[in-house]
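Have a look at the structure below before the remarks.
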C-alpha cells in the first residue's frame, strides 16, 4: 500500500523543548491580526476577475478564447469558493467572527458550498490530519492513491475530463438539512433569475461549466498536492502566480502550523516561523509533479501516521 501522507510530529508543528524550533509569541500575535479591508479587496478582486473574463470571452467571440476564459473563471471560483471560504472557516477574513460565516453567500453558496458544512469537515481535517477521521484519507482512497496507480492518469488526465465534479457532487448527499435547504434556495433563485432574464445559456456556459469542470479540477489538484506523498505531512508550493490566484494557499505547511495566521501573512510566517521539510518544498507545478512521482514506502493511509 502507498502512503498518501504522514502526520508531522507535535515538535515539528509547535516547537517546544531543547533543540526544537521556538515560536516568538509576539511575532505570532502580530501575524494573526485580521484585516477586513484586505478581505473585502480579495473578495472584490475575484468577482471582478470572473466578470472580466466573461466580458473578454464575449468580446472575442472565439472558441479558444472562451475555453481559456472558462479556466480563468474557474481559477477565480476556486479562489473564492475554496481559498477564501477556507480563510473564513478559520475566522481569518474579518475580526467579527460571525461575519466570516454570514458572508458565505458570496464565497460559499455560489460554489455549492456552505460555511457550516465546510467548517465541520475542514476543522476535523486539521485535528485528525492523516487519521481515519480526516476526510482526505477517504478521498485519497477514492482517487486510487492508496494502491499502485498511474499518476499521469490520476493527476493530469482525470481532472481534464471532469471526473472531480462527479466525485465532489456525490458528497452533497451528506449535507445537513440546513445546508441543503440553503443551497437549494440559492441555486433555485439563480436559475429562476437566469431563465426569467433570458440569460440561462450564458449562466450555464460562464458559471456552471467552469464551476463543474475547472473549479473542481483546481480543488482536486490542490487536495492531492497539499499532502500526497510528503515526508512531513504537508507540502509548501511557492509558485508566485498560483499563490496570487489562490490567496497564498500554497503556503500550506505554514497554515497547518499556524491556522490563525491570515492568508496575507502566510509568506512571512513561512520565512520567519515555519520549520519546513525541504523535501516537501515545491517551486511550481513541475516540481510538485516530481514529488508526487518519487518513491515512497509501504503503508496504508492510516498506518502511515
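Some observations on this one:
- Residue 107 being under 23 Å from residue 221 (Cα atoms), out of contact with any helix residue (DSSP H, G or I) (no Cβ under 6 Å at 6 or more places or on another chain) and touching a residue at least 12 places away in the same chain (Cβ under 8 Å): no
- Among the residues of the stretch 203-253, those that are touching a strand residue (DSSP E or B) at 6+ places or on another chain (Cβ under 7 Å) and part of a helix (DSSP H, G or I) comprise 225, 252, 253.
- Selection from the stretch 259-282 of residues that are outside any helix (DSSP H, G or I) and modelled with pLDDT under 90: 273, 274, 275, 276, 277
- Among residues of the stretch 112-137 being part of a helix (DSSP H, G or I) and in contact (Cβ under 8 Å) with a residue 60 or more places away in the chain, the one that is surrounded by the fewest Cβ atoms within 10 Å (Cβ to Cβ) is 126.
- Residue 244 satisfies every condition listed in (1) more than 13 Å from the chain's Cα centre (by Cα); (2) modelled with pLDDT of 95 or more; (3) crowded, with 20+ Cβ neighbours inside 10 Å except (3).
- The residues listed here are 170, 158; of these, the one that is surrounded by 14 or more Cβ atoms within 10 Å (Cβ to Cβ) and out of contact with any helix residue (DSSP H, G or I) (no Cβ under 6 Å at 6 or more places or on another chain) is 158.
- Screening the stretch 283-305 for residues that are within 30 Å of residue 32 (Cβ to Cβ) and in a loop (DSSP other than H, G, I, E, B) and picking the one that is modelled with the lowest pLDDT gives 305.
The values are calculated or read from the model by the stated rules, or taken from the named source; none is laboratory data. Here the structure is a predicted model, which means the values were calculated and not measured. All Cβ positions, glycine included, derive from the backbone under ideal geometry; neighbour counts span all protein chains shown.
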